[in-house]
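K.L.:
Provided herewith is a single structure, encoded as structure tokens, for subsequent inquiry.
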Amino acid sequence: MARTDQDIIRISIRQSLEVDQALGIKVLPIPKAIVASIGRPRKSSTAGGLPGASTDDRAIALRRLDEEQVKGCQKCTLCQTRTNTVFGQGHPLARLVFVGEAPGFDEDQQGLAFVGRAGQLLTDMIEKGMKLKRADVFICNVLKCRPPNNRTPATDEITACSPYLFEQLRILQPEVICALGAPAAQTLLNTKESIGRLRGRFHDFYISGSPGIGPSVPLMPTFHPAYLLRSPGEKGKAWEDLKKIMIKLGLPLT
């Protein structure tokens, strides 16, 4: 597969850093133009189920999934209590996708993912921490409807709703996935391991939904922003996880 401009930039930066490290140089000023370039979404992609898909192609596929399947879904009882379905939003060619567990009150009211207090913290993590634009990533949840009183998603609800998430990821074909919280990480990795044991290292997520079949995407589990609001002492661990994602994407650590 031919290398893209972003691939060349990332390789060049990595090689330069390795040389500087060998020479004992600890700080490397990186031109702003390069920083901006490697943080942008891809221009196109030839991977996975939508070969050569443009931004419009993927946007249309996502909109069709939302309008034709998610908005009218009645697979579980959450359809009886929701105000709006919450499909998720972001750039159709995002290199990075964040996956949470379920919409909360504000999300249910607005029909948008991560717009409440936890969403504000996530925005800070993306924009102030990672130096990315929120509009350049994609943000969604395992569940597309709010569980009453923001309770933990039930097993049957995850079983009914997770195919929508898997189809979103097949369309998006991200380079990295960040799973926010235990329900998201456990659903994507098909495991019962705690978030404390899962976070801090990359795992393979297979776009096909079957381990070992087809391309895999590196997935980093970390703490959910809502948990970080309750336990601010854990923010340092979450930041370490995000830095590993930045390195994986070739983004500069500032």
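Every number here is computed from the coordinates shown, using simple stated rules; none is lab data. What you see is a predicted model; the values in this text were computed from it and never measured. Neighbour counts run over all protein chains shown; Cβ positions are idealised from the backbone, glycine included.
K.L.:
Determine the gain in length on full extension of the stretch Glu234-Thr83; use 0.36 nm per residue of separation and subtract their C-alpha separation, reporting nm with one decimal.
P.N.:
Numbers: separation 151, 0.36 × 151 = 54.36 nm, distance 3.25 nm.
Contour length minus Cα-Cα distance gives 51.1 nm.
K.L.:
Measure off 7 Å from each Cα along the Cα-to-Cβ vector at Gln69 and Asn149, then give the distance between these two points in nanometres to one decimal.
P.N.:
The two pseudo-label positions are separated by 3.2 nm.
K.L.:
Using only the Cα atoms of the stretch 186-254, build the gyration tensor, take square roots of its eigenvalues as a ≥ b ≥ c, and label the shape rounded, prolate or oblate: rounded if a/c is under 1.5, else prolate if a/b is larger than b/c, else oblate.
P.N.:
Working: a/c = 3.01, a/b = 1.37, b/c = 2.20.
It is oblate, given that a/c is not under 1.5 and a/b is not larger than b/c.
K.L.:
Within the stretch 173-189, list the residues whose amide N lies under 15 Å from a label point set 7 Å along Cα→Cβ of Arg197.
P.N.:
Residues 182-183, 185-187, 189 fall inside that zone.
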